[in-house]
Amino acid sequence: MRHQKLFTPGPTEVREEILQAMATPQLHHRSKEFSKLYEEITTKLQKVLYTEKPVIIFPSSSTGAMEASVVNGVMKKCLNLVNGAFSKRWHKITEMNGVPCDALSIEWDKAIKPEMVEEKLETGEYDAVTLVFNETSTGLMNPLKEIAEVVKKYDDVLFFVDAVSAMGGVKIEVDELGIDMCLAGVQKCFALPSGITVASVSERLLERANKVPPRSYYFNLPLIYKYHQKNQTRVTPPISQMFALNVQLDYILNEEGLENRFARHEKMAKIVQDWARKYFDIYPERGYESKTLTCIKNTRGISVKELNEELAKHYVRISNGYGELKEKTFRIAHMGDTQIQDIKGLLALIEDILGL
């Protein structure tokens, strides 16, 4: 079966040289060679996140790191900011682990505003906040910097950020923003095969985790950090994916450069969003559109399923709307190693198929 070039918001297209890196012979994960690989990766990730905090490698999907944040980092009550499918998932994770929590829920096409967070935190009920920075289900980018400024006012409140579809494509200055855990899977803006989640972890979170009664074995942060200090993972790591991540980080930092990478994502976003407004409309409220994917309102009533079937004949693929938004919207990713000419070619093909 011939490969379809992916314009989906995860997994994203992976370059051939990255796939080749995964064929590197295996290391034993308790060897000095592995520890060297781990240290190289985590040091480079600190540069990507503009942080001096430890960056931990989770051998799991992003959902695992989301779980780790709330089971280790909440003593009193967690405030989950919900305006999409993945922020809703974080609230469900918190609930199902028996962690006290409330959801601040709003319409999915609206952004979480800082004053909403302020109103909740000034009650003194909460000691942690979860935010999905870039909601993959809706193509909405919440105002991270403004919300971070609010959370900073409350010394005992930890700030957890899901940057799953933003990290590596959008500048996130973890230390300046005061984020206690910033997490992302590598199958989106990092343009890698899935299997690894990376997360910065603050000293405040580690201190809290040592006080919270253990709620998890697999995602026990004090034990994970104990191994991290030895440049190892606590459990068996996905070594092949780590080889690929190391190679890709060299490319991001040394060949393309972070600022160039961020600028390319902004350019691609503008091209797609200008196109979407010309022929359709955009789902999230104006001013909060994602820089890594666009969620397009299906104002023409096209069959997104049939569009993807036609695109498949040209060996490309986009995404339907997520969950309740299926067929009401469709999503085009402009993230990872996708180039401007790739995006222009895709849009021209859609115009041709739809007769726009």
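The values are calculated or read from the model by the stated rules, or taken from the named source; none is laboratory data. Predicted model, so just to flag it, every value in this text is computed and none were measured. Cβ coordinates were reconstructed from backbone atoms using ideal geometry, including for glycine residues, and neighbour counts include every protein chain displayed.
Screening MET268 on (1) in a loop (DSSP other than H, G, I, E, B); (2) more than 17 Å from TYR38 (Cα to Cα); (3) in contact (Cβ under 8 Å) with a residue 24 or more places away in the chain shows it passes everything except condition (1).
Keeping to segment 185-196, report how many residues are on the phi < 0 side of the Ramachandran plot and buried (at least 24 other Cβ atoms within 10 Å of the Cβ). Even if it seems obvious, please write down each step before you answer.
Of segment 185-196, the ones on the phi < 0 side of the Ramachandran plot are 185-190, 192-194, 196.
If we keep only those that are buried (at least 24 other Cβ atoms within 10 Å of the Cβ) too, we end up with 185-190, 192, 196.
Counting residues in segment 185-196 that are on the phi < 0 side of the Ramachandran plot and buried (at least 24 other Cβ atoms within 10 Å of the Cβ) gives 8.
Screening ALA128, ALA163, ALA68 for residues that are under 24 Å from GLU266 (Cβ atoms), of a type in the set (A, V, I, L, M, F, W, C) and in contact with a Leu (Cβ under 7 Å, 6 or more places away or on another chain) leaves exactly one candidate, ALA163. Can you tell me how many residues within segment 318-344 are surrounded by 14 or more Cβ atoms within 10 Å (Cβ to Cβ) and outside any loop (DSSP other than H, G, I, E, B)? So the count comes out to 12. Just so you know, in segment 297-316 the residues that are in contact (Cβ under 8 Å) with a residue 24 or more places away in the chain and surrounded by 17 or more Cβ atoms within 10 Å (Cβ to Cβ) include one that is nearest to ARG2 (Cα to Cα), and it is VAL316. Pairing residues of segment 166-179 that are over 24 Å from PRO11 (Cα atoms) with residues that are of a type in the set (D, E, K, R) and assigned to a helix (DSSP H, G or I), at Cβ distances under 7 Å and at least 6 apart in sequence or on separate chains, gives LEU177/LYS145; GLY178/LYS152. For LYS267, the requirement of being in the same structural domain as MET335 (by TED's automatic domain parsing) and touching a helix residue (DSSP H, G or I) at 6+ places or on another chain (Cβ under 9 Å) is met.
Does CYS182 satisfy being buried (at least 24 other Cβ atoms within 10 Å of the Cβ) and either in contact with an Asp or Glu (Cβ under 9 Å, 6 or more places away or on another chain) or not assigned by TED's automatic domain parsing to the domain that holds LEU249 (or both)? Answer is yes for this residue.
Is it the case that GLU207 is in the same structural domain as GLY178 (by TED's automatic domain parsing), loosely packed, with under 14 Cβ neighbours inside 10 Å and either without any contact (Cβ under 8 Å) to a residue 12 or more places away in the chain or among the hydrophobic types (A, V, I, L, M, F, W, C) (or both)?
Spelling it out, GLU207 is indeed in the same structural domain as GLY178 (by TED's automatic domain parsing), loosely packed, with under 14 Cβ neighbours inside 10 Å and either without any contact (Cβ under 8 Å) to a residue 12 or more places away in the chain or among the hydrophobic types (A, V, I, L, M, F, W, C) (or both).
A single entry from LYS344, LYS291, LYS326, LYS278 fulfils the requirement of being more than 15 Å from ALA166 (Cα to Cα) and either touching a Phe, Trp or Tyr at 6+ places or on another chain (Cβ under 6 Å) or in contact (Cβ under 8 Å) with a residue 24 or more places away in the chain (or both): LYS344. Among the residues of segment 72-87, the one identified as out of contact with any strand residue (DSSP E or B) (no Cβ under 8 Å at 6 or more places or on another chain) and buried (at least 22 other Cβ atoms within 10 Å of the Cβ) is ASN72. Specify which of the listed residues (GLU173, GLU149) is closer than 17 Å to VAL117 by Cα, in contact with a Leu (Cβ under 9 Å, 6 or more places away or on another chain) and surrounded by fewer than 21 Cβ atoms within 10 Å (Cβ to Cβ). Within the list GLU173, GLU149, the selection yields GLU149.
Within the option set PHE34, PHE7, PHE58, being surrounded by fewer than 21 Cβ atoms within 10 Å (Cβ to Cβ) and at pLDDT 95 or above holds for one residue only, PHE34.
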